[in-house]
Amino acid sequence: VAIKDLSDMAGVRSTHGSPIFADAVPEVSANVVERIEGSGGIAYAKSNTPEFGAGGHTFKAVFGATLNPWDTRLSAAGSSGGAAVALATGMAWLAQGSDMGASLRNPASFNGVVGLRPSPGRVPSGPSENPYATLAVEGPMARGVDDAALFLDALSGFDPRDPLSLEAPATPFATAARRERPGRVAFSANLGITPIDPEIANICRRAALRFETSGVIVEEAHPDLREAHDVFRTLRAHDFAVGMEGLLRDHRDALKPDVVWNIEKGLALTGADLRRVETARGGRWLRR
């Protein structure tokens, strides 16, 4: 299993993609690494990530850019870009990653592998300065759905160090992936908020419609997500401020501009700002 360089491994250089930690060797592993090793996984390598996982393109001052293996002129996406490329090139059988704003899903799609963002609490995380945050989650990446499901089983389960962690489901994900199929599928090319290349939209639409051959109802539909970008950017800035205010104070010159911007935006947020976005996020469910 390749471990994303945002997760510490005891005794192994763990940089978080930042020059600040370029030579850091932690004494304690992240909880997710302990869980992988406790399940029999061999954590054998660290995979590249942009600085503190901030950004949709995997490059950093410590190790340079991760290239798309199908066309090295193109991006591998991010922030779990190193994990996706390790899978696509055969360097890894499984890869652990994390996802705040599609950081598992985007690189999976760019590199032709599988990346799954689990629900908050499904995969225990930490240690964290903000253990009740739900924006970022740990998750599996693999070369196929069956492997991703098997890996998610290994990652899932209650951990008393994570107050949001859940018990493993009664039916293992590997079993469900082999035998269960949905009765109904909703497909949206752009969720009503995101530009997309027409060729990509058509490829994904054809893939979704293949469910119809198994008797599954496929409909093009999506929730009203018009406020999603504002909600996400605000809550992301809040998370950055909670976790990295000290880094801004002590190492401002070593941080890349978008990390500085996010921390400062988070520090400038008011109670009214947080109330507005939390109301928007939760209100969608109340108005269903």
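The values are calculated or read from the model by the stated rules, or taken from the named source; none is laboratory data. This structure is a prediction, so every number in the text was calculated from the model and none was measured. Cβ atoms come from the backbone with ideal geometry, glycine included; neighbour counts cover every protein chain shown. Keep in mind that these areas ignore ligands, DNA and RNA; they rest on the heavy atoms of the full protein, side chains included. Shrake-Rupley method; radii C 1.70, N 1.55, O 1.52, S 1.80 Å.
Data overview
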item	result
Residue list for the stretch 135-149, filter: in a strand (DSSP E or B) and among the aliphatic types (A, V, I, L, M)	Val137, Met141, Ala142
Residue list for the stretch 15-58, filter: under 19 Å from Leu104 (Cβ atoms), open to solvent by less than 50 Å² (accessible area, probe 1.4 Å) and part of a loop (DSSP other than H, G, I, E, B)	His16, Gly17, Ala30, Gly41, Ala43, Asn48, Thr49, Pro50, Ala54, Gly55, Thr58
Selection count, the stretch 166-185, where residues are at pLDDT 95 or above, out of contact with any Lys or Arg (no Cβ under 7 Å at 6 or more places or on another chain) and either assigned to a loop (DSSP other than H, G, I, E, B) or open to solvent by 50 Å² or more (accessible area, probe 1.4 Å) (or both)	7
Enumeration of residues in the stretch 144-165 that are touching a residue at least 60 places away in the same chain (Cβ under 8 Å) and open to solvent by 90 Å² or more (accessible area, probe 1.4 Å)	Arg161
Subset of the stretch 224-262 [aliphatic (A, V, I, L, M), open to solvent by 30 Å² or more (accessible area, probe 1.4 Å) and without any contact (Cβ under 8 Å) to a residue 60 or more places away in the chain]	Leu225, Ala228
Cβ-Cβ under 8 Å pairs, at least 6 apart or on other chains, the stretch 166-194 side at positive phi, far side surrounded by 13 or more Cβ atoms within 10 Å (Cβ to Cβ) and aliphatic (A, V, I, L, M)	Leu191/Leu225; Leu191/Ala228; Gly192/Leu225
Conditions (1) part of a loop (DSSP other than H, G, I, E, B); (2) out of contact with any strand residue (DSSP E or B) (no Cβ under 8 Å at 6 or more places or on another chain); (3) not charged (D, E, K, R); number of the one not met by Val231	(1)
Residue tally, condition more than 25 Å from Arg233 (Cα to Cα) and surrounded by 12 or more Cβ atoms within 10 Å (Cβ to Cβ), over the stretch 186-199	1
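Okay, residues lined up against (1) touching a Phe, Trp or Tyr at 6+ places or on another chain (Cβ under 6 Å); (2) hydrophobic (A, V, I, L, M, F, W, C); (3) at pLDDT 95 or above:
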site	(1), (2), (3)
Ala30	no, yes, yes
Glu37	no, no, yes
Gly64	no, no, no
Ala88	no, yes, yes
